[in-house]
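Working notes, structure below.
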Amino acid sequence: MWLFRRQLDRKIAHGADLGSSPELTRRARQLVSPEFRARMAAGLQRTITAAERPGRRHLSAQVPVQRSAILEERAQLLSLARLLTEEENVSARGVARVEELLTDGRSPFYYPSPRGTLAAALRHARTTLLLG
């Protein structure tokens with residue numbers, strides 16, 4: 001399943017029926033586990049930290065973050081991190097959306113996007129976490 005994790009996560013993030021396969025069901029349980037949710041919350045906090053650091057250019061495989069967009073949405077990012085760790089029931093779909101934001105190089109965390117794109121993506125992730 002490890003090889004197909006990203007595919008499963010993408011399916012879950014985009015609304016797949018979690019009961020349609022044992023792999024989706026198993027992955028959904030992993031996504032909502034307290035351990036995984038804590039990792040996603042820590043990832044959001046690391047993204048803020050990366051944006052707060054002065055832009056030092058050095059050789060790195062790490063994709064640079066969109067500093068201004070992230071700093072502008074700092075409060076919403078922290079709120080989302082708290083929701084991941086403090087809310088008892090969140091949806092696997094919402095957690096998968098957060099993971100997609102953190103890991104996809106085309107997400108508004110990393111890819112230059114029009115102003116407000118990150119805010120909209122974070123609102124959508126929050127709504128999805130709470131409502132599925």
Exercise for review: Starting from the range 114-131, take each residue that is polar (S, T, N, Q) and list its partners that are surrounded by fewer than 20 Cβ atoms within 10 Å (Cβ to Cβ), counting only C-beta distances under 7 angstrom and pairs at least six apart or across chains.
Suggested key: THR128/SER91
Study note, to complete from the structure: Those residues of the range 104-122 that are part of a helix (DSSP H, G or I) and exposed (fewer than 14 other Cβ atoms within 10 Å of the Cβ) come to a total of 1
Check your understanding: Does the range 27-35 contain any residue that is over 18 Å from GLY132 (Cα atoms), part of a helix (DSSP H, G or I), at pLDDT 95 or above and out of contact with any strand residue (DSSP E or B) (no Cβ under 8 Å at 6 or more places or on another chain)?
Key -> yes
**Study point:** Test for SER20: is it surrounded by 12 or more Cβ atoms within 10 Å (Cβ to Cβ) and either modelled with pLDDT under 90 or more than 17 Å from LEU131 (Cβ to Cβ) (or both)
**Key:** no
Exercise for review: List every residue pair whose Cβ atoms sit under 7 Å apart, with the two residues 6 or more apart in sequence or on different chains, where the first one lies in the range 20-44 and is closer than 16 Å to LEU84 by Cβ and of a type in the set (D, E, K, R) and the second, anywhere, is modelled with pLDDT of 95 or more and part of a helix (DSSP H, G or I).
Suggested key: ARG37/LEU84; ARG37/THR85; ARG37/VAL95
**Study point:** Leading residue by the ranking (modelled with the highest pLDDT) among those in the range 47-74 that are touching a helix residue (DSSP H, G or I) at 6+ places or on another chain (Cβ under 6 Å) and of a type in the set (Gly, Ala, Ser)
**Key:** ALA69
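The values are calculated or read from the model by the stated rules, or taken from the named source; none is laboratory data. Predicted, not measured: the structure shown is a model, and the values here were computed from it. Positions of Cβ are generated from backbone atoms using ideal geometry, with glycine treated the same way; all protein chains shown enter the neighbour counts.
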